[in-house]
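A.B. asks: Got a structure here, written out as structure tokens. Questions coming.
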Amino acid sequence: MTSNNIWQLIQSMSPQEKRFFRRDYALYDKEKELPLYLALFDSINKQEAYDEAELLRQLKPRLKADNISYTKNYLYEQLCQALLRQNQSQEQDAEIFGQLQLIRVFRKKGLYKQALKIWQKAIVQARALELFGLIFQLKEEYRKLQLYHNPKIKNPELQNEYNNNILYSSEFTHLIKLQELHFSALIIRRKAHFNLCREDKEKVHAILQEPIMQEEPRTNSFLIRHYYRMTKATLLYVLNDSSAYAFAYQNVSAWQANVQHVSYDQDNYIEVLYIFYYSAVLAKDTSRIEEVMNHPVNQKVNTESNYAYVETIKYLALNRLYNRSGNYEKVSQVLAYIKTRLPHWSRHINAELARTLYLSVGVANFALDQFEDAFYYIKQSILLFNDKTREEQYSFAYLFLLLVCYEKGEPYLFEVQYKSSYSYFYRNKMPLPFEKSTIQAVAKAFHCKRQKDKKVILQALLDTLQASQNDPVQQQVFNFFNVPRWLESKTKDIPYKDLVYLQVNAENV
């Protein structure tokens, strides 16, 4: 264990967890001196960054170089045990596992009726959540209880209790297979949301051709249906197929109608929301975004880290929705909230979601003519591209920064960014035709002295992009921001947000 690990663990603990550790878990004589490991906990808890020299100074003479390593390790072990004990009462599978252990203890003591009563409660909970590992262990305990200690039970009664499953063993292999296929789909989606390499595209088509993927399984199992829909939605999405949306919406609706599964399996639910949002954008159907993102069941996601994911996805979706609909008053409200919550969310969400959020905030600021903030947030997103995934976001960020610098109108800044964008596209990969055209035309227009000449260049670029609008890569990149619409606003001398408002209202007439 490194020194930084214990600092990170303590900083990650909620106020309730820290209070439980200090007040309820750590037992010591209150009349005597505070144990050294608790004094160390208090000192580390107050540090904004881990500083071992300061700890030694504060806790001198009890803490010294030859015992600090042991004290840190002991404190770390105590924190882990306290977290496990506290979370046992909050995690349903931990509660069921505790019941399983109690059944074994009671059975060995000969308290068969008491063990059976606990079993009947535990098996209902385990089956409802489809916790198959625990179900198998509970059934083994039932077999031992009944066959060895209850000879009077009738065979039909025994068989009924034993086999009363949501999922039967013949279907269990289907669940395992679907879980494996979904994981493969998830890995492909994380690498790139579109523009798949040949190997990944072949793998996607191979998975979709699997017999188990041909139609939704007829089963009582919530999880089998979930993994089928999620795999289908994810794979169709990465193929740029808008039919992904039907599977994603069907799945999120099923989850939101099942509070128990949302409360228990929060991580899977986060991915359900994520793929719903992206498939809705792909299908250009934003009609259900507010309904899904504001659903009351989302409040059941109660861990600090998971709720940060839910909130991030929610405000990504709402930001996109209000920008698309030209409701810039709501865009301003969403941006204000995101900026207050971003430092907190950033401590919990992964790099992929964080950079997507920065891009979204940058685009919204651009639409509101807040170009300084737009530049800052897009730059922040670029700093998070260190895991070689979502290259289309990286490409968009370099293109979009050129537009931001064009609007800022600062020659030195534009030249620096132009060289940076040019270097990215020509050093890391050959630019696609629409990327090359955009870079060249925006640079040429920026250096024109006459407004009339700028409009001619930008109109030519707009015509070029409209001619290639069916290119799937171009479509996805411009899903982040409608570059052709921005070009139109420049050629017509209309502020971008005003043009969006006019066009959206014309479409709704």
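A.B. asks: Which residue out of N302, N319 is within 27 Å of E91 (Cα to Cα) and either of a type in the set (S, T, N, Q) or crowded, with 21+ Cβ neighbours inside 10 Å (or both)?
C.D. replies: N302
A.B. asks: Take region 408-443 and flag every residue that is more than 19 Å from D471 (Cβ to Cβ) and among the polar types (S, T, N, Q).
C.D. replies: Answer for region 408-443, where residues must be more than 19 Å from D471 (Cβ to Cβ) and among the polar types (S, T, N, Q): Q417, S420, S421, S423, N428.
A.B. asks: Next question, about the same structure. Tell me yes or no: at least one residue of region 449-466 is in a loop (DSSP other than H, G, I, E, B) and farther than 17 Å from L399 by Cα.
C.D. replies: Yes.
A.B. asks: Counting just the residues of region 322-343 that are surrounded by fewer than 20 Cβ atoms within 10 Å (Cβ to Cβ) and of a type in the set (S, T, N, Q), which one comes out modelled with the lowest pLDDT?
C.D. replies: S325
A.B. asks: Yes or no: region 82-89 includes at least one residue that is touching a helix residue (DSSP H, G or I) at 6+ places or on another chain (Cβ under 6 Å) and free of Cβ contacts under 8 Å to residues at least 60 places away in the same chain.
C.D. replies: So far as region 82-89 goes, yes, one or more of its residues are touching a helix residue (DSSP H, G or I) at 6+ places or on another chain (Cβ under 6 Å) and free of Cβ contacts under 8 Å to residues at least 60 places away in the same chain.
A.B. asks: Could you list, in sequence order, all residues of region 35-64 that are of a type outside the set (D, E, K, R) and either outside the structural domain of P15 (by TED's automatic domain parsing) or in contact (Cβ under 8 Å) with a residue 40 or more places away in the chain (or both)?
C.D. replies: The answer is Y37, Q47, A49, Y50.
A.B. asks: Here is a check on your reading of the model: is K232 among the basic types (K, R) and under 30 Å from P343 (Cβ atoms)?
C.D. replies: It is false that K232 is among the basic types (K, R) and under 30 Å from P343 (Cβ atoms).
For (1) assigned to a helix (DSSP H, G or I); (2) within 28 Å of the chain's Cα centre (by Cα); (3) farther than 22 Å from P472 by Cβ, each residue gets a yes or a no:
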| residue | (1), (2), (3) |
| --- | --- |
| V361 | yes, yes, yes |
| D373 | yes, yes, yes |
| S381 | yes, yes, yes |
| Y394 | yes, yes, no |
| L403 | yes, no, no |
| M430 | no, no, no |
| A443 | yes, no, yes |
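A quick yes/no check of all residues on (1) at pLDDT below 80; (2) surrounded by 19 or more Cβ atoms within 10 Å (Cβ to Cβ); (3) not in a helix (DSSP H, G or I); (4) not assigned by TED's automatic domain parsing to the domain that holds F97:
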site	(1), (2), (3), (4)
A126	no, yes, no, no
L138	no, yes, no, no
I153	yes, no, yes, no
L178	no, yes, no, yes
I187	no, no, no, yes
A206	no, no, no, yes
E215	no, no, yes, yes
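A.B. asks: Could you please find all residues in region 32-48 being outside any loop (DSSP other than H, G, I, E, B) and under 32 Å from the mean Cα position of the chain (by Cα)?
C.D. replies: F41, I44, N45, K46
A.B. asks: Right, another one. Which condition does A53 not pass, out of (1) in a helix (DSSP H, G or I); (2) surrounded by 12 or more Cβ atoms within 10 Å (Cβ to Cβ), if it passes all the others?
C.D. replies: Every listed condition holds for A53 apart from (2).
A.B. asks: Taking region 460-480 only, how many residues are under 25 Å from S420 (Cα atoms) and modelled with pLDDT of 90 or more?
C.D. replies: Going through region 460-480 one residue at a time, the tally reaches 5.
A.B. asks: If I filter region 445-477 down to residues being β-branched (V, I, T) and under 15 Å from L432 (Cα atoms), which single residue comes out as surrounded by the most Cβ atoms within 10 Å (Cβ to Cβ)?
C.D. replies: By that ranking, first place goes to V477.
A.B. asks: Name the pairs: first residue in region 217-243 and free of Cβ contacts under 8 Å to residues at least 60 places away in the same chain, second residue aromatic (F, W, Y) and in a loop (DSSP other than H, G, I, E, B), Cβ to Cβ under 8 Å, at least 6 apart or on different chains?
C.D. replies: Cβ pairs passing all conditions: V238/F194.
A.B. asks: Another one. Have a look at V416, V361, V442 and point out the one that is crowded, with 17+ Cβ neighbours inside 10 Å, modelled with pLDDT of 90 or more and within 27 Å of A460 (Cα to Cα).
C.D. replies: Within the list V416, V361, V442, the selection yields V442.
The values are calculated or read from the model by the stated rules, or taken from the named source; none is laboratory data. Since the model is a prediction, treat every value here as computed from it, not as a measurement. Don't worry about glycine lacking a Cβ; one is built from the backbone with ideal geometry, like all the others, and counts go over all protein chains shown.
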